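Just so you know, all these numbers are worked out from the coordinates, no wet-lab data involved. Worth saying up front: this structure is predicted, and the values here are computed from it rather than measured. Don't worry about glycine lacking a Cβ; one is built from the backbone with ideal geometry, like all the others, and counts go over all protein chains shown.
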Amino acid sequence: MILISKYIVPRGYLGITLFPFMLLKNKALSKNSVLINHEKIHLKQQLELLVIPFFILYGLEFVIRLIKHRNWHLAYKNISFEREAYINESNFDYIRNRKNWSFMNYF
């Protein structure tokens, strides 16, 4: 389910996924198939980790990457969940062919 909210989506980001919702900064982004595919990958990740553990692991990994890189953007881009989504966002068959726990390949 796609919702539009310029207030919930943090500054500097186009969208976020909070199962079962995709929140996008503006309505025009709902036509961006690459962004939607990226967010669908996050939905799949959240489902396989039963949602709450996903956010715990995401937060822990972000803190570790932030300590390592000392740069917010670099830390975010190197989170395994984000690496999987960014690398595969243009592959529209990826979700259908993706194996469970595939984010582990991006650590």
Exercise. List TYR86, TYR94 from most exposed to least, where exposure is judged by having the fewest other Cβ atoms within 10 Å.
Key: TYR86, TYR94
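How long is the gain from ILE87 to LYS68 if the chain were fully straight, where each residue apart is worth 0.36 nm and the alpha carbon distance is subtracted?
Taking 0.36 nm per residue and subtracting the Cα distance, the gain is 4.7 nm.
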Quiz prompt | Mean residue ellipticity (222 nm) of the chain, computed from DSSP H runs ≥ 4 via -39,500 (n - 2.57), nearest 500 | solution = -15000 deg cm²/dmol
Quiz item: With each label point set 7 Å from Cα along the Cα-Cβ vector, what nm distance links ILE16 and TRP101?
Solution: 2.8 nm
Quiz prompt | Net lengthening on full extension, PHE55/ASN32 (0.36 nm per residue, minus Cα-Cα) | solution = 5.8 nm
Quiz item: Quick one: what does P(r) look like for the chain with 10 Å bins over all Cα pairs, in whole %?
Solution: 15, 47, 35, 4
Quiz item: When the chain is treated as a GNM, springs tying every alpha-carbon pair under 10 Å, which of ILE36, ILE87, ILE16 comes out with the largest mean-square fluctuation?
Solution: ILE87
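If we count trypsin sites (Lys or Arg not before Pro) as exposed when they sit in a DSSP loop and have at most 11 other beta carbons within 10 Å, what is the longest stretch of the chain that avoids them all?
No qualifying site falls inside 12-69, the longest such stretch.
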Quiz prompt | Nearby aspartates and glutamates by direct alpha-carbon distance to LYS44 (threshold 17 angstrom, same-chain neighbours under 8 apart not counted) | solution = GLU82, GLU84, GLU89, ASP93
Quiz prompt | For HIS42, HIS69, order by how many other beta-carbon atoms lie within 10 Å, fewest first | solution = HIS69, HIS42
Quiz prompt | Calculated on alpha-carbon atoms, Rg and Dmax of segment 32-71 in Å | solution = 12.5, 33
Exercise. Give the order of PHE103, PHE81 when sorted by the count of other beta carbons within 10 angstrom, beginning with the fewest.
Key: PHE81, PHE103
Exercise. Under a 10 Å cutoff between Cα atoms, tell me which one of ASN78, ASN97, ASN32 has the largest fluctuation in the Gaussian network model of the chain.
Key: ASN97
